Amino acid sequence: MIIEIKNLVKRYDELTALNHLNLVVEKGEILGLLGPNGSGKSTSINCMLSLLSYDKGEINLFGQPMRPDQYEIKRKIGVVPQEIAVFDELTVRENINYFCGLYIQDSALCKKYVEEAIQLVGLEDFTKFVPSKLSGGLKRRLNIACGIAHKPELIFLDEPTVAVDPQSRNKILESIRQLNQQGATIVYTTHYMEEVELLCNRIVIIDQGQVIAEGTKESLKQMIGTNEKLVIEVPMLPANAQQELNQIAGVADIFYDQINLTISTTKLKETLIATLDFFAKNDLHYGAIHTQEITLNDVFLEITGKELRD
Ligand SMILES: Nc1ncnc2c1ncn2[C@@H]1O[C@H](COP(=O)(O)OP(=O)(O)OP(=O)(O)O)[C@@H](O)[C@H]1O
Ligand SMILES: [Mg+2]
């Protein structure tokens, strides 16, 4: 176990940001910590790093209790904070060199690591730029390079793709995959569920400072009992229709927003046939038909009654 958190409680005055949070991260994982704004993702990371004190609970990293003076543990960790934290007056290469040099004393080795970090995030053409000359996406990449250049065994990335263009986003996701392939264990926080689905072996969903679900993306989707949705454009649906359609074998949930009828079902084909049959018998008009896969947002919605992305 690389990370073990037991019953962590963190209060900011009246507000309970972490409410008996439990979390385990195994070596080699890319763990996705998924939760809406304010759910406690950054707070939990800052507690793990001993940057924040907490009220109750236990945090073990690399099998040892984490404390502010655990420098041996800290050097094995890389942090990419949510807010970009680089020096405005230093160039890209100087910034990465500074952060790497905090951990790597051998200057030749440090130099080598800096070049590797530059390559990893694809900043080769910008090494002499100061941060203010970089686009938002490139600045994010610099932030990542600064956090990981010293080749840490455990890396925390706190929403590294917020407000990033698609090209930089892809580069960032690819870099994280590569770091993992090189052996790093990764904790990745985000509220973009597509990223988590693409990147993570295991997902922990948190809300209001508590773990509300965890598993692989497949197991999380299985939790809600359906695997596909049928979406049919229906201009007018009589009030009793929803009840009747609910009787169809396999149908788990029906939602109508006056434009689209969305049916969650375990038996897509049978549901489609029976639904169209119902429409024909009742002389109901319909338009385009398509299917959708269940997303992690559906899982979150089912558990909390809220949308993950607001
Ligand atoms: N320094 C602070 N003082 C008081 N309250 C705080 C402080 N930092 C965070 N909070 C509150 O604690 C809760 C958890 O915040 P946190 O930043 O950990 O959430 P998050 O999941 O990282 O959110 P986001 O996705 O917006 O980054 C929120 O309600 C937030 O307003
Ligand atoms: Mg945060």
Is it true that some residue in the range 263-279 is closer than 16 Å to Glu233 by Cα, among the hydrophobic types (A, V, I, L, M, F, W, C) and exposed (fewer than 12 other Cβ atoms within 10 Å of the Cβ)? no
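Among the residues that make up the range 48-65, is at least one of them under 23 Å from Cys146 (Cβ atoms) and of a type in the set (S, T, N, Q)?
Pass one, the range 48-65, residues under 23 Å from Cys146 (Cβ atoms): 48-52, 61-62.
Filter once more, so that each one left must be of a type in the set (S, T, N, Q): 50.
For the range 48-65, residues under 23 Å from Cys146 (Cβ atoms) and of a type in the set (S, T, N, Q): present.
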Can you tell me which residue in the range 1-53 is nearest to ligand 2 (Cβ to nearest atom), limited to those that are in contact with an Asp or Glu (Cβ under 6 Å, 6 or more places away or on another chain) and polar (S, T, N, Q)? Ser42
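So, in the range 268-310, exactly how many residues are among the hydroxyl-bearing types (Ser, Thr, Tyr), closer than 30 Å to Gly35 by Cα and out of contact with any Lys or Arg (no Cβ under 7 Å at 6 or more places or on another chain)? Working first, answer last.
Keep residues of the range 268-310 that are among the hydroxyl-bearing types (Ser, Thr, Tyr), which gives 271, 275, 286, 291, 295, 304.
Now drop any that are not closer than 30 Å to Gly35 by Cα, which leaves 291, 295, 304.
Next, from what is left, pick out any that are out of contact with any Lys or Arg (no Cβ under 7 Å at 6 or more places or on another chain): 295, 304.
The number of residues fulfilling the criteria is 2.
May I ask you to say which residue of Gly215, Gly250 is small (Gly, Ala, Ser), surrounded by fewer than 19 Cβ atoms within 10 Å (Cβ to Cβ) and either touching a residue at least 24 places away in the same chain (Cβ under 8 Å) or not assigned by TED's automatic domain parsing to the domain that holds Ile148 (or both)? Talk me through it step by step, then tell me what you get.
Details: Gly215 fails: either touching a residue at least 24 places away in the same chain (Cβ under 8 Å) or not assigned by TED's automatic domain parsing to the domain that holds Ile148 (or both).
When all the criteria are applied, what remains is Gly250.
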Quick check: is even one residue across the range 80-101 closer than 22 Å to Phe62 by Cα, surrounded by fewer than 20 Cβ atoms within 10 Å (Cβ to Cβ) and within 16 Å of ligand 1 (Cβ to nearest atom)? yes
Test each condition in (1) surrounded by 21 or more Cβ atoms within 10 Å (Cβ to Cβ); (2) within 17 Å of the chain's Cα centre (by Cα) for Pro36 and report the one that comes out false. (1)
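The values are calculated or read from the model by the stated rules, or taken from the named source; none is laboratory data. The structure presented is a predicted model; accordingly, all values stated were derived computationally and were not measured. In this analysis, Cβ positions are derived from the backbone assuming ideal geometry, glycine residues included, and neighbour counts consider all displayed protein chains.
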